[in-house]
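The values are calculated or read from the model by the stated rules, or taken from the named source; none is laboratory data. From a predicted model like this one, the values you see are computed outputs, not experimental measurements. Here the Cβ is made from the backbone with ideal geometry for all residues, glycine too, and neighbour counts use every protein chain on show. Only protein heavy atoms, including side chains, enter the accessible area calculation; ligands, DNA and RNA are left aside. Shrake-Rupley method; radii C 1.70, N 1.55, O 1.52, S 1.80 Å.
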Amino acid sequence: CLDEEGKVHEFESSWRTEDCNDCSCSKTGIGCCTSYMRPVDYDEEKCESIFNKETCTYTVVEKDDHSKECPVHSWVG
C-alpha cells in the first residue's frame, strides 16, 4: 500500500501517522481512523480543549488557569 505521504507499507501492517491516525494496509487498500477521543460536552465558555500531538490525547482545562482541568461529560472518536 502507498500512503498519502508516499510511503510504502506491507500488506497486513499497521502504523500511526503524525496526525494521530491509526492506519492499516490490506489487499483491499488502506483504512485509517483517529486514535483519540475528542471532548464534546464541557463548559466551552469557561474551558478549552488542548490537543497533545505527542500523546494523541486531549485535555480540557480552564481558559484562565491551564492547571485546572474541567469535567467532560461526553467524548467522541
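Rolling a 1.4 Å probe over the heavy atoms of the protein chains gives the chain an accessible area of 75 Å² per residue.
Computed in the context of the full set of protein chains, the accessible area of the chain at 1.4 Å probe radius has 45% of its extent on carbon or sulfur. Pairs of Lys residues in the stretch 1-73 are counted when their Cα atoms are under 27 angstrom apart and they lie 8 or more places apart or on different chains; the count is 6. Distance between the modelled labels on Ser13 and Val76, one decimal in nanometres: 3.3 nm (7 Å Cα→Cβ projection).
Here the dipole of the chain is about 280 debye; that uses its Cα centre as origin and unit charges on the Cβ of Lys and Arg (positive) and Asp and Glu (negative).
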